[in-house]
Amino acid sequence: MKNCIWFMGGLSSQRDILLAIKEAKIDDLTVLASHPQNRPEILSVADYSFVEPEESSLLEFMANIIERYEVGTVHVGRNCSWFEQHRPEIEEMGVRLVTGARDVATFALADDKVKFATFMEQSGLPVVPSLQINTVDELKAAIADKPFGDVPMCIKPVTGIYGQGFWRLDPNATMMKALADPDSRRINPNLYLQAMQGTEIKPQVLMPYLAGPECSVDMLLEHGEVIAAIGRKKEGALQHMEIESPAFNLAQACAMKMRADGLINVQTRNNQFGEPLLLEINLRPSGGICYSRACGVSLPVLFAKRQTGQLTKGHAKNSAVRSFRRATVRVVSDVIHLPE
């Protein structure tokens, strides 16, 4: 196998993934990195790095890099649907392409929270009930009807990342709450309805607001088979690592049902009865994928060793279980000194 892996433009964890792999000092491994923007804090930690061109010339750019550095695997963490659309052309360059899935339809399903919930429900997996809202009148009627009983409700865009557009609909919140304390993500339903008036409404999803805790499970899969997984149960500012719980098992079942492929993430949240329900699947590495290093398991390193043939599938699975130790982490801010 070729011992060169290229990590193309990712989201918040690209730097951490590169650092984890470089610090592991994997024999004869060359690590490339690229990003659509000039991001020195990311690009400086790879052996070789590049700024990616526009999509119109991206395939030619990839072909040149792959040939020059004898790349064996290309991992992408953003715009994954575009790469999946061009899988045949990219694989003809002699590389393995890892996008998080194996077809465009899977990304479309994962990106649509309502369709995802319906698919999981039809598959027999417990999922957060989701009601699509397209108009002000639909939301007004749903608030009055209480489709989830007396459980508080929340709303967010049908598609989106990072929790953008998420709000808890709290009838006890003052009209100033959303402005005076936006981080609380609470808004009076009447104010939300007023804000929707006279604007172009993108499809929203109305859901019950669950008590929690939330569990975020980072995984390495190959063609729908789980190779390694680490759960992070979130309690306030703390995250507890685990490899066995109902939420952990549910997340793996979801990833296998979606036939995920690569480094991905599934999130669950407990309902008022303490039962985990599926929230969403992210067919890309999460921002916290490298937190698992605190428990002795580095999913990016396992990925790199699998891609370069330094670990068999069985050894990778056993390594993740054997190396695990309980750990609790707290996320803190940091400052990165940018190179010249």
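The values are calculated or read from the model by the stated rules, or taken from the named source; none is laboratory data. From a predicted model like this one, the values you see are computed outputs, not experimental measurements. Reconstructed Cβ throughout: ideal geometry from the backbone, glycine too, with neighbour counts over all protein chains shown. Areas reflect the complete protein model, heavy atoms only, side chains present, ligands, DNA and RNA absent. Shrake-Rupley method; radii C 1.70, N 1.55, O 1.52, S 1.80 Å.
May I ask for the distance between the Cα centers of the range 70-130 and the range 211-233, given as a whole number of Å? Value for the Cα centre distance between the two parts: 16 Å.
Judged by the gyration tensor of its Cα atoms, with axes a ≥ b ≥ c, the range 91-140 is oblate; a/c meets the 1.5 cut and b/c is at least as large as a/b.
Potential lengthening of the chain between residue 79 and residue 200 amounts to 41.0 nm, from the contour at 0.36 nm per residue minus the alpha-carbon distance. The range 239-340 gives an Rg/Rh value of 1.00, both radii derived from C-alpha positions and Rh following Kirkwood. At full extension, residue 125 and residue 179 could sit 15.7 nm farther apart than now, given 0.36 nm per residue minus the alpha carbon distance.
Computed extension length for residue 108-residue 164: 18.3 nm, one decimal, from 0.36 nm per residue of separation with the Cα-Cα distance subtracted. Solvent-accessible area of the chain (1.4 angstrom probe, protein heavy atoms only): carbon and sulfur portion equals 49 percent. Between residue 146 and residue 244, the simple label model (points 7 Å from Cα in the Cβ direction) yields a spacing of 4.1 nm. Between residue 272 and residue 135, the FRET efficiency from the beta-carbon distance, with R0 = 22 Å, is close to 0.15. Placing +1 on each Lys and Arg Cβ and -1 on each Asp and Glu Cβ, with no other charges, gives the chain a dipole about its Cα centre of roughly 1020 debye. With the simple spin-label model, which puts each label point 7 Å out from Cα in the Cβ direction, the residue 91 to residue 336 separation comes to 3.2 nm. Exposure check, 1.4 Å probe, all protein chains in place: residue 225 carries approximately 60 Å² of accessible surface.
Packing around the peptides 15-21, 179-185, taken as the average count of other Cβ atoms within 10 Å per residue, puts them in this order, highest first: 15-21, 179-185. Measuring between alpha carbons in the structure, the pairs from 2/313; 25/305; 156/257; 115/257 lying more than 21 angstrom apart are 156/257. Along the Cα-to-C-beta direction of residue 223, a point sits 7 Å from the Cα; which residues of the range 57-84 have their amide N less than 18 Å from that point? Within reach of a label on residue 223: 73-74. Angle check, please: helix 246-257 long axis (alpha carbons) against the longest principal axis of the chain (alpha carbons), in degrees 0 to 90, nearest 10. Relative to the chain, helix 246-257 is tipped by roughly 70 degrees. Along the range 134-142 the Karplus relation, 6.51 cos²θ - 1.76 cosθ + 1.60 evaluated at θ = phi - 60°, assigns HN-Hα couplings of 10, 9, 4, 5, 5, 5, 4, 5, 5 Hz to successive residues, with x for each Gly and Pro. Rg ratio for the range 176-310: its Cα radius of gyration over 2.2 N^0.38 Å, N being its residue count, equals 1.27. Between residue 115 and residue 321, the modelled label-to-label distance comes to 3.6 nm, taking each label 7 Å out from Cα in the direction of the beta carbon.
Near residue 7, the amide H atoms lying under 5 Å from its own belong to 32, 33, 34, 75; only residues 5 or more places off or on other chains count, and H is placed 1.01 Å from N.
Relative to the globular-protein estimate of 2.2 N^0.38 Å, the Cα radius of gyration of the chain stands at 1.05.
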